[in-house]
Structures are given as structure tokens and as C-alpha cells.
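Structure record follows, encoded as C-alpha cells.
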Amino acid sequence: MRVSELPTPSVLVNLDILRVNVREMADLCRTHGKELWPMVKTHKSTAIARMQHEAGAGGFLAGTIEEAEALISKGFKNIMMAYPIANPENLRRVITLSKGARIILTIDNVEVASLTNKLLREHNASLEYLVKIDSGGHRLGVKPEGAANLLRKLQEFNKLRFAGICTHPGHAYASKNVEELRESAEDEVRALRTAATLLRENGYEVSVVATGSTPTAKYAVKSDVVTVMRPGNYVFYDAMQVALGTVKEDRCALSVLATVISRPAPDRLIIDAGSKTLSADRGAHSTAILKSYGIVRGHPELKVVSLSEEVGKVSVDGSTDVRVGDKIEIIPTHACVVANNTSYLIGYRGEDVEALIPVDARERTKPPITARILE
């Protein structure tokens with residue numbers, strides 16, 4: 001089947017670009033002596049995780065327990081959990097998973113550590129953990145200067161084993177130019193260096209120093225303090241990364257194929273892809289440098305200016321040869337959300353569809369409870 005023959009909306013992945021992106025990050029980490037544990041929330045696909053593993057990824061960073069379950073079900077054994085887990089039912093699932101894999105938790109408070117330790121005692125188990133450091137995103141984590149104080153408090157929980165520290169420089173996505181992006185990377189490295197130094201001065205062994213952000217990866221990977229890189233978006237890239245200057249448009253592997261269903265005015269087209277496909281998400285910081293909801297490939301005169309649930313509005317600057325019934329390809333603002341909105345990605349090369357890629361970590365690998373299934 002040709003790509004042009006696909007129903008719309010369809011979420012496409014250029015397999016050649018995907019492989020280039022996967023290999024480039026793996027090579028970058030290898031060159032600088034860093035382990036690569038990519039964040040899988042971007043694609044939520046064990047097939048793409050397999051590509052990353054074959055290229056050199058030593059483990060994975062999971063944003064949800066479902067992602068961890070899916071990865072482990074396919075034989076992957078090294079998993080970091082990205083966020084603290086404060087729900088007993090969720091912790092029990094993770095403890096069960098740890099019987100067949102190495103699970104490393106993320107902790108930034110005593111309450112989570114206390115609950116986790118209690119449940120680990122009940123299951124006669126133990127787990128490693130990383131202390132989350134706030135490097136400027138002001139979301140999760142302790143200040144670098146507070147890491148040693150927190151770790152002193154965590155020492156009473158003998159079922160938890162300290163492995164190191166981690167951070168995510170989410171504030172990088174608020175950058176307006178390359179200079180600000182580089183400053184975010186400097187914040188990221190500085191915070192990790194401060195925390196690691198203070199911890200070691202207090203007698204703690206810091207084996208893992210992990211960080212991850214696609215736009216700052218090329219800077220942070222050069223740091224002598226970092227041991228593990230955990231970027232995610234790099235497998236696809238998107239309009240946000242193009243706006244940040246991370247890559248050029250031709251490195252974006254994921255796109256949405258949509259059909260023009262109406263032209264109610266000379267300066268306006270309507271397409272059959274809305275927020276449930278393209279996503280209205282512009283990142284955690286609603287990045288100011290994004291001027292639309294996607295880049296229309298090959299048509300600079302077109303701009304996706306608004307999204308309803310099932311349709312999108314495209315403005316026309318001047319003239320265009322696009323007509324009702326034509327299909328257009330759109331690079332979304334945030335590829336991670338788009339992948340989560342579909343059950344399958346359509347992999348293609350050139351003009352030909354080659355494979356379906358299941359987004360199999362998107363849905364639960366098994367129901368979280370036992371109950372009657374409504375039919």
C-alpha cells in the first residue's frame with residue numbers, strides 16, 4: 001500500500017529517519033562514555049524499544065507502571081521509574097515486577113520512602129533508588145544542597161538501597177533561543193555536580209548520575225559528572241524540537257496524515273485531524289516559540305492554527321495549490337502525545353507502507369483489578 005492511499009487521520013513514522021535518530025543518540029552516548037537509558041513514554045512501543053536496545057541502550061526509563069510491565073514482558077531487564085510512587089497498590093505492582101527485573105525507583109521525599117520500605121518488608125524484598133534533584137524545572141526533586149540531608153533521613157529505611165541521583169531539566173523547554181537552551185544544560189550539570197559532590201563529601205557512594213532531556217542532551221553528554229543519559233523525544237523529534245533548534249525539520253520521523261475536508265474561505269482550510277490526533281499540547285511550559293499546532297510538510301504557506309477534537313483549522317498565507325480532498329502531512333508540536341493517542345503507528349519507507357508498529361505500552365498489559373468486563 002502507498003502512503004497516499006491510507007485512511008486519515010493516520011500517524012506515520014518514517015522508518016529510515018527513525019533508525020538514524022536512534023543510532024545517532026546511541027553513538028553520541030557511546031562516544032562520551034555514557035550509558036543510554038531512554039525514556040519510553042515518547043513512543044510506548046516495545047518494538048521501538050527493541051531498536052534502541054539493539055543500538056546500545058542499556059536500560060529504559062519508564063513513565064508509567066504499564067510501560068515497565070510491557071518492557072519486562074518482552075524480556076527487558078533494566079528499568080528506572082521516572083517518578084516517585086506513593087500509591088500502595090502501584091508499589092505492590094512494582095515490587096512484583098522486580099522479581100523478574102532490576103527496578104530502580106525515584107524518590108524525593110521521606111513519605112514515599114517510608115511507605116515503600118514498609119511494603120518491601122512485607123514482601124521480603126529490597127529495591128534500589130535514585131534521589132531526584134531539582135535542576136531548574138521546579139517540578140519534582142530536592143535542591144542540590146538538600147540531597148545529603150534527605151539521604152541522611154532515608155538511611156533508616158533498610159529495604160531501600162541508594163544507587164545515585166537523577167534530574168530532568170524540564171525548564172529547557174521554556175527556552176526562547178539556543179543560548180537559553182545552553183544555559184538550561186549548564187543548570188542541569190551544575191545541579192548534579194553540586195549534589196554528587198556534597199553526597200560524596202558526606203561519605204555516600206554515588207554510582208549513578210542520571211539526566212535526560214532531548215534538547216540539552218548534546219551538551220549534558222559531555223559532562224564528566226553524568227553517567228547515564230535518559231532522553232526520550234529524540235526517536236521522533238517534533239515541531240517543538242525544530243523551534244528550539246535541536247534539529248532541522250527533515251529529522252522529524254513522526255507525522256500525521258490528514259485530509260482537507262473543507263475550504264470555507266480562501267484563507268482557511270479544515271482538516272480531519274484535531275486534538276485527539278495531533279494534540280493541542282505545546283509542552284509543560286506552553287513554549288512561546290511555537291506559533292502553530294504543527295508544521296505542514298512541503299507547504300510553508302499553511303499553518304495549523306487551532307484544533308477542535310476531530311478537526312483542525314489551517315490558515316492559508318497567500319495562495320496554495322492544496323484542494324479539498326488532498327492529503328497533507330503534519331509534524332506535530334509534541335510527538336509523545338500523538339503516539340499515545342493511537343494504538344498503531346504506520347511505518348513507511350519512501351512512498352510505501354512497510355509495517356504497523358503497535359503502541360503496546362500505551363494500554364495496560366493486564367487489567368489492574370479483577371472485575372466484570374462490560375461488553
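Quick grid of which residues meet (1) outside any helix (DSSP H, G or I); (2) acidic (D, E):
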position: R161; (1), (2): yes, no
position: E188; (1), (2): no, yes
position: L192; (1), (2): no, no
position: L198; (1), (2): no, no
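Among the residues of region 183-220, which ones are of a type in the set (D, E, K, R) and either closer than 18 Å to L28 by Cβ or under 25 Å from the mean Cα position of the chain (by Cα) (or both)?
Listed by number, the residues that qualify are E183, E186, D187, E188, R190, R193, K218.
Residue-by-condition table, conditions (1) crowded, with 18+ Cβ neighbours inside 10 Å; (2) not in a loop (DSSP other than H, G, I, E, B):
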residue: E205; (1), (2): no, no
residue: P215; (1), (2): yes, yes
residue: Q241; (1), (2): yes, yes
residue: D250; (1), (2): no, yes
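I'd like to know if region 23-38 contains one or more residues that are within 27 Å of T106 (Cα to Cα), touching a residue at least 24 places away in the same chain (Cβ under 8 Å) and among the basic types (K, R).
Yes: one or more hits.
If you take the residues in region 58-112 that are among the basic types (K, R) and in contact (Cβ under 8 Å) with a residue 40 or more places away in the chain, which one is surrounded by the most Cβ atoms within 10 Å (Cβ to Cβ)?
R93
G318: without any contact (Cβ under 8 Å) to a residue 24 or more places away in the chain, more than 15 Å from S279 (Cα to Cα) and either crowded, with 20+ Cβ neighbours inside 10 Å or out of contact with any Phe, Trp or Tyr (no Cβ under 7 Å at 6 or more places or on another chain) (or both), yes or no?
Spelling it out, G318 is indeed without any contact (Cβ under 8 Å) to a residue 24 or more places away in the chain, more than 15 Å from S279 (Cα to Cα) and either crowded, with 20+ Cβ neighbours inside 10 Å or out of contact with any Phe, Trp or Tyr (no Cβ under 7 Å at 6 or more places or on another chain) (or both).
Which one of these is out of contact with any Lys or Arg (no Cβ under 6 Å at 6 or more places or on another chain) and closer than 13 Å to P9 by Cβ: S319, S279?
S279
Can you find a residue that is closer than 13 Å to V256 by Cα and in contact with a helix residue (DSSP H, G or I) (Cβ under 8 Å, 6 or more places away or on another chain) anywhere in region 295-311?
yes
Can you tell me which residue among R121, R139 is surrounded by fewer than 18 Cβ atoms within 10 Å (Cβ to Cβ) and farther than 23 Å from P169 by Cα?
The unique qualifying residue is R121.
Out of the residues in region 14-57 meeting the condition of being among the polar types (S, T, N, Q) and part of a helix (DSSP H, G or I), tell me which one is surrounded by the fewest Cβ atoms within 10 Å (Cβ to Cβ).
Looking at the filtered set, the residue picked out is T31.
In region 58-155, which strands (runs of 3 or more DSSP E) lie fully inside it and hold 3 or more residues that are under 20 Å from D360 (Cα atoms)?
The strands (runs of 3 or more DSSP E) meeting that bar are 60-62, 78-81.
Here, each number is a calculation from the coordinates, and none is a lab measurement. Small disclaimer: the values here were computed from a predicted structure and weren't measured. Cβ sites come from the backbone with ideal geometry, for glycine too, and all protein chains shown count toward neighbours.
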